[in-house]
Amino acid sequence: MYLLQPVTSEGAASETPLVAADPGRIASPGDLVVYVTSTDATQAFESGFAPVNASVVELVDGIS
Amino acid sequence: MFLARVTKRVVATQKHPAFAGKTVFVVQPVRPDGSADGAEWVAVDYVNAGVGDTVVCGGAPGVAKTVFGIERAPIRTLIMAIVEKIDYNDLEPA
């Protein structure tokens with residue numbers, strides 16, 4: 001589980017931080033990621049269900 | 001659904017299998033006149049949109065699963081149409 005700080009595409013903090021699971025184990029602290037929330041967060045798990053509110057789904061290499 | 005302008009492309013190598021082969025864009029919700037309306041958002045492309053396009057975005061839990069024909073799709077928002085023009089029917093833009 002990670003604490004995520006939502007940011008704009010310019011990297012500025014945009015919303016309050018939240019806790020997210022990382023079902024694919026793709027992120028590390030400091031990384032820029034894409035996350036989903038709610039039902040979509042549960043869908044990120046193999047089982048299709050997990051008691052989470054947010055999940056990391058992409059590790060961002062760059063934004064162009 | 002909401003109108004948005006595609007502003008940037010998100011490049012990622014490591015991602016959930018549901019995102020394989022799909023392009024993710026940063027989109028800026030806009031009003032019909034093109035002015036920004038609210039915070040930017042991330043959306044998965046379904047119509048071969050490009051940066052600069054005005055698009056219709058939307059989605060609901062389970063929609064991406066059906067659209068892409070995959071078992072699990074942790075995808076909230078899809079780019080579902082590229083807007084060519086908005087006809088105001090002689091009304092003032094909102």
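If you go through segment B:43-70 and keep only what is facing chain A (nearest Cβ under 10 Å), surrounded by fewer than 20 Cβ atoms within 10 Å (Cβ to Cβ) and within 12 Å of the chain's Cα centre (by Cα), you end up with just B:V51. Once segment A:23-55 is narrowed to residues that are within 7 Å of chain B (Cβ to nearest Cβ) and of a type in the set (A, V, I, L, M, F, W, C), the residue that is surrounded by the most Cβ atoms within 10 Å (Cβ to Cβ) is A:A44. The numbered conditions (1) touching a helix residue (DSSP H, G or I) at 6+ places or on another chain (Cβ under 9 Å); (2) more than 12 Å from chain A (Cβ to nearest Cβ); (3) of a type in the set (G, A, S) are all true for B:A18 except (2). Of the residues examined, B:A73 is not one that is touching a strand residue (DSSP E or B) at 6+ places or on another chain (Cβ under 6 Å), surrounded by 13 or more Cβ atoms within 10 Å (Cβ to Cβ) and small (G, A, S). Considering every residue within segment B:31-42, establish whether at least one is of a type in the set (D, E, K, R), closer than 19 Å to A:S64 by Cα and buried (at least 17 other Cβ atoms within 10 Å of the Cβ). Checked segment B:31-42: at least one residue is of a type in the set (D, E, K, R), closer than 19 Å to A:S64 by Cα and buried (at least 17 other Cβ atoms within 10 Å of the Cβ).
Among the residues of segment B:6-18, those identified as out of contact with any Phe, Trp or Tyr (no Cβ under 9 Å at 6 or more places or on another chain) and crowded, with 19+ Cβ neighbours inside 10 Å are B:K15, B:H16.
Here, each number is a calculation from the coordinates, and none is a lab measurement. A quick note: this is a predicted structure, and the numbers were derived from the prediction, not measured. Cβ atoms come from the backbone with ideal geometry, glycine included; neighbour counts cover every protein chain shown.
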